[in-house]
1. For residues in the stretch 112-129 being over 19 Å from Arg200 (Cβ atoms) and in a loop (DSSP other than H, G, I, E, B), which is nearest to the ligand (Cβ to nearest atom)?
2. Tell me which residues, restricted to the stretch 76-103, are touching an Asp or Glu at 6+ places or on another chain (Cβ under 8 Å) and assigned to a helix (DSSP H, G or I).
3. Within the group Ser106, Ser27, Ser69, which residue is modelled with pLDDT of 95 or more, polar (S, T, N, Q), in a helix (DSSP H, G or I) and crowded, with 18+ Cβ neighbours inside 10 Å?
4. Of the conditions (1) under 30 Å from Arg148 (Cα atoms); (2) surrounded by fewer than 20 Cβ atoms within 10 Å (Cβ to Cβ), Val232 satisfies every one except a single condition; which number is it?
5. In the stretch 130-150, is there at least one residue being in a loop (DSSP other than H, G, I, E, B), within 18 Å of the chain's Cα centre (by Cα) and charged (D, E, K, R)?
6. Within the stretch 219-228, take every residue that is in contact (Cβ under 8 Å) with a residue 24 or more places away in the chain and within 11 Å of the ligand (Cβ to nearest atom) and give me the one that is surrounded by the fewest Cβ atoms within 10 Å (Cβ to Cβ).
7. Return the residues of the stretch 229-246 that are more than 15 Å from the ligand (Cβ to nearest atom) and touching a Gly at 6+ places or on another chain (Cβ under 7 Å); say none if nothing qualifies.
8. Within the stretch 145-164, can you find the residues that are closer than 23 Å to Leu243 by Cβ and either within 15 Å of the ligand (Cβ to nearest atom) or touching a residue at least 24 places away in the same chain (Cβ under 8 Å) (or both)?
Amino acid sequence: MPEIELKTSGVTSVIRIGRQFSLPDLSMDRIGPDRFVVADSRVKHIAQPWIAGGQALFLPATERTKTLSTVLRVIRALLRSGHERGQPLVAVGGGVISDVAGFAASIYKRGIPLHVVPTTLLAQVDAAIGGKNGVDLPEGKNLLGTIRQPDTVLIDPLILAHLPDVEFRSGLAEVVKYGIVKDPELLDLVERRIDKIRQRDPAVLLEVLTRCVCAKVEIVSQDERDEGGRAVLNYGHTVGHALEAATGYRLRHGEAVAAGMHAAGTIAARLNLASPEFLERQRAALAACGLPTRIEGCSPATVLRALRHDKKRAGGKHRFVLAEGPGKVRTAVEVEEPLVRAALRTILA
Ligand code: GLY
């Protein structure tokens, strides 16, 4: 089974991908006893083997959980259990859990070992890899956090059997994103095997997951601090985040990112950076994944307002990650507001 190393500034994070790597027995060599488990309360059955009579804290995995007070709750639970430096924290859940538990592990007693068992497709291909964690403030999302690589990430396609379809499809948006920004063969694979992927065929998923992890590891190992090349991972996210905010987080992250990729593709096509054929190919791949490229009940003006609050916006200009085609990406492209507005009109019903 693949074991991928992410090497950054003197630290090596090990990512194991394989069937049943969600079971502690297979990774005891890295994790050891005396662990404290922080888990999504919806996946108690996955967390149970990790707890094995030890201590655990279950959290609801909603965006409202991503607060500093939840991080303090984790820290107080660690203190109450007598958790020492050197003893590991195991996070079992999706991106909300790895964000909160990862933040707590990075500051508790100046840092304790962290092992992550991501239980959603989105977390397996994105949130659990690369060391970003964080919580929200009333002023905005992810405004507090650290970048700190987990010691181990255990990725198991069999875990995904429990995921509701809408969440699985949401994760596929990030898969298509990797296919466009980094790995054209992955885009081909999604197009060819989408039926098997959506049936969650473990063998096909294993290939998809491995390609996504390799893509992210390569990008993060060259720019862990997000000062340059890591920005390609934001493809579709500029408009995506604005759509999430403008709809009061009614949309799933992946749904918003899918529509955001279509908006970015429209901008690239109108700037003659990308061909209409590429835009159509991307739209068809997203549709095959069951993802929307049109969003109802939201006006361009509301999304533009949210875009103006984008924390990545510099000097009052709209900046986009744009793709010229699979594997050909430009970052920080300045786009005039009338073009942004026109692209928004194409995705808002
Ligand atoms: N999810 C984007 C990043 O890790 O940089």
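1. Once the filter is applied, the top-ranked residue is Ile129.
2. Hits for the stretch 76-103 are Gly95, Val96, Ile97.
3. Just a single option satisfies the conditions, and that option is Ser106.
4. The one condition Val232 does not meet is (2).
5. yes
6. The qualifying residue surrounded by the fewest Cβ atoms within 10 Å (Cβ to Cβ) is Arg225.
7. Of everything in the stretch 229-246, those that are more than 15 Å from the ligand (Cβ to nearest atom) and touching a Gly at 6+ places or on another chain (Cβ under 7 Å) turn out to be Val239, Leu243.
8. Of everything in the stretch 145-164, those that are closer than 23 Å to Leu243 by Cβ and either within 15 Å of the ligand (Cβ to nearest atom) or touching a residue at least 24 places away in the same chain (Cβ under 8 Å) (or both) turn out to be Gly145, Leu163.
The values are calculated or read from the model by the stated rules, or taken from the named source; none is laboratory data. Computed from a predicted structure; not experimentally measured. Reconstructed Cβ throughout: ideal geometry from the backbone, glycine too, with neighbour counts over all protein chains shown.
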